[in-house]
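Chemist: Structure below; questions to follow.
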Amino acid sequence: MPRRAKEDAIKTRERILASALSLFAKKGYDHTTFNDIAARLKMTKGAVYWHFESKEKLLLELVGEMLVRFKSEIAALLPPGEESFDHLSFPDVADMMVKHAVQTVSDSKRAAFFMLMHEQIRWSSASMSSVREDILKSKKFGPWEAFSVAVQNDIRSGRALPEVDSVEVASCCMALWNGLVRSNIDKFLQCDLEATLKNAYSAIWRDIQTANKGKI
């Protein structure tokens with residue numbers, strides 16, 4: 001494929017993803033069709049199919065795009081030249097996730113993706129089983145994994161108590177993050193998102209660390 005044609009194809013693909021995200025977040029994943037996506041872009045349905053063979057593949061591309069962005073943000077916490085996540089600590093990840101929350105509520109694309117994943121997809125439906133399986137089997141590094149790995153690192157290094165359950169801590173941290181971000185987007189709770197989330201993670205860290213003291 002000639003360079004110009006390849007660049008045009010990439011731009012078209014990006015436009016399709018942006019259009020799909022907007023429609024999924026507004027109408028719901030189940031109620032959005034390729035016709036809707038094509039009409040919004042003044043394209044044919046066939047042109048959309050040329051880039052994405054199914055709506056499920058399109059959704060997985062959106063998920064993958066966000067996970068790649070998250071992984072780059074986590075990688076920025078590492079020392080120069082370091083590629084392993086083996087040295088991440090709970091305070092490192094917590095601090096990054098606080099910043100990530102603020103960015104999510106202030107960036108329309110991130111907010112739309114959040115609402116799509118939490119409000120506009122019925123994950124329990126049979127039609128989502130293959131997509132759900134692909135996401136769960138993904139080797140990409142996501143927020144939950146970041147917390148879990150960080151806690152395991154802290155246990156090995158002696159910073160956290162040996163009896164701490166990294167799965168439980170990671171699940172609790174993500175539940176807090178999701179709830180506060182959603183409440184902020186919905187304007188349901190009147191609170192300082194950054195301060196509230198930071199205080200919550202500080203409380204968790206005080207509870208699990210070996211010295212049982214200190215703040216993030």
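Chemist: Quick test for you: out of F70, F34, pick the one residue that is in the same structural domain as K99 (by TED's automatic domain parsing) and either surrounded by 15 or more Cβ atoms within 10 Å (Cβ to Cβ) or touching a strand residue (DSSP E or B) at 6+ places or on another chain (Cβ under 6 Å) (or both). Before you say what the answer is, go through the steps one by one.
Modeler: Details: F34 fails: in the same structural domain as K99 (by TED's automatic domain parsing).
The unique qualifying residue is F70.
Chemist: Are any residues in the range 76-122 within 27 Å of R206 (Cβ to Cβ), among the charged types (D, E, K, R) and out of contact with any helix residue (DSSP H, G or I) (no Cβ under 7 Å at 6 or more places or on another chain), and if so, which ones?
Modeler: Of everything in the range 76-122, those that are within 27 Å of R206 (Cβ to Cβ), among the charged types (D, E, K, R) and out of contact with any helix residue (DSSP H, G or I) (no Cβ under 7 Å at 6 or more places or on another chain) turn out to be D95, K99.
Chemist: Only one of these conditions is not met by S124: (1) surrounded by 13 or more Cβ atoms within 10 Å (Cβ to Cβ); (2) of a type outside the set (A, V, I, L, M); (3) at pLDDT below 85. Which number is it?
Modeler: (1)
Chemist: Which condition number does S202 fail, the rest of (1) farther than 25 Å from E65 by Cβ; (2) surrounded by 20 or more Cβ atoms within 10 Å (Cβ to Cβ); (3) among the small types (G, A, S) being met?
Modeler: The number of the failed condition is (2).
Chemist: Separate question: Can you find, within the range 51-75, the residue that is farthest from F34 (Cα to Cα) among those that are of a type in the set (A, V, I, L, M) and touching a helix residue (DSSP H, G or I) at 6+ places or on another chain (Cβ under 8 Å)? First the steps, then the outcome.
Modeler: As a first pass, look at the range 51-75 and keep what is of a type in the set (A, V, I, L, M): 58-60, 62-63, 66-68, 74-75.
Narrowing further to those that are touching a helix residue (DSSP H, G or I) at 6+ places or on another chain (Cβ under 8 Å): 58-60, 62-63, 66, 74.
Values: L58: 10, L59: 12, L60: 15, L62: 15, V63: 18, M66: 21, I74: 34 Å.
Only one residue tops the list, namely I74.
Chemist: Take V169 and tell me if it is assigned by TED's automatic domain parsing to the domain that holds V68, in contact with a helix residue (DSSP H, G or I) (Cβ under 7 Å, 6 or more places away or on another chain) and not polar (S, T, N, Q).
Modeler: On the way: assigned by TED's automatic domain parsing to the domain that holds V68: yes; in contact with a helix residue (DSSP H, G or I) (Cβ under 7 Å, 6 or more places away or on another chain): yes; not polar (S, T, N, Q): yes.
Yes.
Chemist: Please tell me if M97 is more than 22 Å from A195 (Cα to Cα), buried (at least 17 other Cβ atoms within 10 Å of the Cβ) and in the same structural domain as E194 (by TED's automatic domain parsing).
Modeler: On the way: more than 22 Å from A195 (Cα to Cα): no; buried (at least 17 other Cβ atoms within 10 Å of the Cβ): yes; in the same structural domain as E194 (by TED's automatic domain parsing): yes.
Here the answer is no, as M97 does not meet what is asked.
Chemist: With under 30 Å from A150 (Cα atoms) and surrounded by 15 or more Cβ atoms within 10 Å (Cβ to Cβ) as the only criterion, which of S22, S106, S89 stands out? Working first, answer last.
Modeler: Values: S22 fails: under 30 Å from A150 (Cα atoms); S106 fails: surrounded by 15 or more Cβ atoms within 10 Å (Cβ to Cβ).
Selected residue: S89, the only one of S22, S106, S89 that is under 30 Å from A150 (Cα atoms) and surrounded by 15 or more Cβ atoms within 10 Å (Cβ to Cβ).
Chemist: May I ask you to verify whether S84 is closer than 30 Å to R156 by Cβ and loosely packed, with under 13 Cβ neighbours inside 10 Å?
Modeler: Details: closer than 30 Å to R156 by Cβ: yes; loosely packed, with under 13 Cβ neighbours inside 10 Å: yes.
Yes: the conditions hold for S84.
The values are calculated or read from the model by the stated rules, or taken from the named source; none is laboratory data. Computed from a prediction, not measured in an experiment: that's the story for all the values here. When we count neighbours, we look across all protein chains shown, and the Cβ atoms used for this are built from the backbone with ideal geometry, even at glycine.
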